[in-house]
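Chemist: Below is one structure. I have some questions about it.
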Amino acid sequence: MQRTSEARAHLTGALWIMLSAVAAGASGIGHANAADAPVDAIPSTFAPVSAPAESIRSLSFLVIGISGGIFVVVTAVLFYCVWRFRARPGDDREPPQVYGSNQIEWSWTIVPILIVLVLFLATARTINELQASEVPPEALRVTIVGHQWWWEIRYPDLGVVTANELHLPASRDGARRPTYLHLESADVIHSFWIPQLSGKTDVVPNRRNLMWVEPHTTGTFLGQCAEYCGTQHAKMLLRAIVHEPGEFDAWVAAQKQPATVVGAVADGRAIFQSTACINCHTVEGTNANGRFGPDLTHLMSRTTIGSGAAPNTPENLRAWIASPDHFKPGALMPAMQLADTDLDKLTAWLLTLK
Ligand code: CUA
């Protein structure tokens, strides 16, 4: 009984999300205007904010239009036939049997071929438009590495490293700022997907996939790993923060600053440097240079922890270090087993990494 009502609640929830996504797409609502404005909570493919996502939406409208047309025609003919040729009382004649009509054979062969050909050509054109073959010189280059279960984000030309939150400049008339993403995996197959920016691209070990985005609307847009990659696949979340070009340059400049060292929290820094934290994390300017976990140099510039598992608040951060499993069961970060006072000091120091 319990299970049935739970399952029904899930189903209702899923239907609600699908309907709202369609509604949001149809009316084009739900856009944030600045990086710190409310997050666009429904990452609908029908509300694109980037060139590739717009091409995908146009193609889906064409496909929905053609299939919708076929649905309407077939259903109408079906209902007409059911009504027009219904059995009448006292009439038990056999209907005329039609064999070998060339007209019918040709029409139901040629028409579907034409429909498939139109769909094929339109799809091929969109794929060709979206497929990135080479990176134009003015493009921003970003390397994304999928890990179980978080995203490493590196800007090789800018010397910036971050995690789970991809910052991008918006393109403006006369000043295109496309971003080219090199996708790599550190372990298993993931899939990089921010629906309002572009389609999905698989992230495959020992392979480098290339995709591009060119957003024109600022705001925060949600994404998600779209290929089952283990226990915490569902919490391998992503967000893209699209800035005005000048704002983006300011973000880069802030990220290039070394981590702050504040006297009052030196104890926390010492604890960090003497525990296993440093094997997996990097903090510029300390002895920590691990790459198994996210770079923490500017940890507090991110709005979430655990790849979107929880908001990045002091309480959550402390609870996360005490037990990552609390937010993300199966997370590969071990609980650090620190004494409460040490945990407080460590958290206090991490809070200075702005
Ligand atoms: Cu990574 Cu699913």
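The values are calculated or read from the model by the stated rules, or taken from the named source; none is laboratory data. As the structure is a prediction and not an experimental result, all values here were calculated from the model. Ideal geometry is used to build each Cβ from the backbone, glycine not excepted, and the neighbour counts take in all protein chains shown.
Chemist: Identify all residues within the stretch 203-219 that are surrounded by fewer than 17 Cβ atoms within 10 Å (Cβ to Cβ), within 17 Å of ILE153 (Cα to Cα) and away from the ligand (no atom under 16 Å from the Cβ); write none if there are none.
Modeler: ARG208, LEU210
Chemist: Identify all residues within the stretch 134-160 that are in contact (Cβ under 8 Å) with a residue 40 or more places away in the chain and either of a type in the set (Gly, Ala, Ser) or in a loop (DSSP other than H, G, I, E, B) (or both); write none if there are none. Don't jump to the end; show me each part of the working.
Modeler: From the stretch 134-160, those in contact (Cβ under 8 Å) with a residue 40 or more places away in the chain are 135-136, 138-152, 155, 158-160; that's our starting set.
The answer is VAL135, PRO136, GLU138, ALA139, GLY146, GLN148, TRP149, LEU158, GLY159.
Chemist: Okay, moving on. For the subset of the stretch 84-132 comprising residues that are over 29 Å from ALA51 (Cα atoms) and of a type in the set (Phe, Trp, Tyr), which member is surrounded by the fewest Cβ atoms within 10 Å (Cβ to Cβ)? Please lay out each step first, then the result.
Modeler: First pass over the stretch 84-132, keeping only residues over 29 Å from ALA51 (Cα atoms): 84-113.
Add one more test, that the residue is of a type in the set (Phe, Trp, Tyr), and what stays is 85, 99, 106, 108.
On the way: PHE85: 9, TYR99: 4, TRP106: 10, TRP108: 10.
Ranking the candidates gives TYR99 first.
Chemist: Quick one: is ALA234 out of contact with any strand residue (DSSP E or B) (no Cβ under 7 Å at 6 or more places or on another chain), hydrophobic (A, V, I, L, M, F, W, C) and not assigned by TED's automatic domain parsing to the domain that holds MET300? Lay out the reasoning, then the answer.
Modeler: Details: out of contact with any strand residue (DSSP E or B) (no Cβ under 7 Å at 6 or more places or on another chain): yes; hydrophobic (A, V, I, L, M, F, W, C): yes; not assigned by TED's automatic domain parsing to the domain that holds MET300: yes.
Judged against the criteria, ALA234 is a match.
Chemist: Here's something else I'd like to know. How many residues are of a type in the set (A, V, I, L, M, F, W, C) and either closer than 13 Å to ILE241 by Cα or not assigned by TED's automatic domain parsing to the domain that holds THR218 (or both) if we restrict to the stretch 165-198?
Modeler: Kept after step one, since they are of a type in the set (A, V, I, L, M, F, W, C), are these residues of the stretch 165-198: 166, 168, 170, 175, 181, 183, 186, 188-189, 192-194, 197.
When the remaining residues are screened for being either closer than 13 Å to ILE241 by Cα or not assigned by TED's automatic domain parsing to the domain that holds THR218 (or both), the result is 166, 168, 170, 194, 197.
Result for the stretch 165-198: 5.
Chemist: If you check GLY330, GLY306, which single one turns out to be buried (at least 16 other Cβ atoms within 10 Å of the Cβ) and small (Gly, Ala, Ser)? Even if it seems obvious, please write down each step before you answer.
Modeler: Working: GLY330 fails: buried (at least 16 other Cβ atoms within 10 Å of the Cβ).
Just a single option satisfies the conditions, and that option is GLY306.
Chemist: May I pose another question? When ILE271 is evaluated against the numbered criteria (1) farther than 28 Å from VAL188 by Cβ; (2) surrounded by fewer than 14 Cβ atoms within 10 Å (Cβ to Cβ), which criterion, by number, is the only one it fails?
Modeler: Tallying (1) farther than 28 Å from VAL188 by Cβ; (2) surrounded by fewer than 14 Cβ atoms within 10 Å (Cβ to Cβ), ILE271 fails exactly one: (2).
Chemist: Out of all the residues in the stretch 180-187, is one or more over 14 Å from the mean Cα position of the chain (by Cα), crowded, with 16+ Cβ neighbours inside 10 Å and either outside any strand (DSSP E or B) or away from the ligand (no atom under 16 Å from the Cβ) (or both)? Break it down stepwise before answering.
Modeler: Residues of the stretch 180-187 over 14 Å from the mean Cα position of the chain (by Cα): 180, 182, 184-187.
So of that shortlist, the ones also crowded, with 16+ Cβ neighbours inside 10 Å come out as 180, 182, 184-185.
Right, trim to either outside any strand (DSSP E or B) or away from the ligand (no atom under 16 Å from the Cβ) (or both) and you get 180, 182.
Within the stretch 180-187, one or more residues are over 14 Å from the mean Cα position of the chain (by Cα), crowded, with 16+ Cβ neighbours inside 10 Å and either outside any strand (DSSP E or B) or away from the ligand (no atom under 16 Å from the Cβ) (or both).
Conditions tested, residue by residue: (1) in a strand (DSSP E or B); (2) more than 10 Å from the ligand (Cβ to nearest atom); (3) under 20 Å from VAL142 (Cβ atoms).
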position	(1), (2), (3)
LEU222	yes, yes, yes
ALA226	no, no, yes
ALA234	no, no, no
ILE241	yes, yes, yes
GLY246	no, yes, yes
ASP249	no, yes, yes
ALA254	no, yes, yes
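Chemist: On the given criteria, is THR275 touching a Pro at 6+ places or on another chain (Cβ under 8 Å) and farther than 17 Å from THR179 by Cα? Lay out the reasoning, then the answer.
Modeler: Working: touching a Pro at 6+ places or on another chain (Cβ under 8 Å): no; farther than 17 Å from THR179 by Cα: yes.
Considered against the rule, which asks whether it is touching a Pro at 6+ places or on another chain (Cβ under 8 Å) and farther than 17 Å from THR179 by Cα, THR275 comes out as no.
One line per residue, one yes/no per condition, for (1) within 30 Å of HIS167 (Cβ to Cβ); (2) at pLDDT 50 or above; (3) surrounded by 13 or more Cβ atoms within 10 Å (Cβ to Cβ); (4) acidic (Asp, Glu):
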| residue | (1), (2), (3), (4) |
| --- | --- |
| GLN2 | no, no, no, no |
| THR12 | no, no, no, no |
| LEU19 | no, no, no, no |
| HIS31 | yes, no, yes, no |
| LEU59 | yes, yes, yes, no |
| GLY68 | no, yes, no, no |
| VAL72 | no, yes, no, no |
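Chemist: Hey, GLU315 hits all of (1) in a helix (DSSP H, G or I); (2) in contact (Cβ under 8 Å) with a residue 12 or more places away in the chain but one; which does it fall short on?
Modeler: (2)
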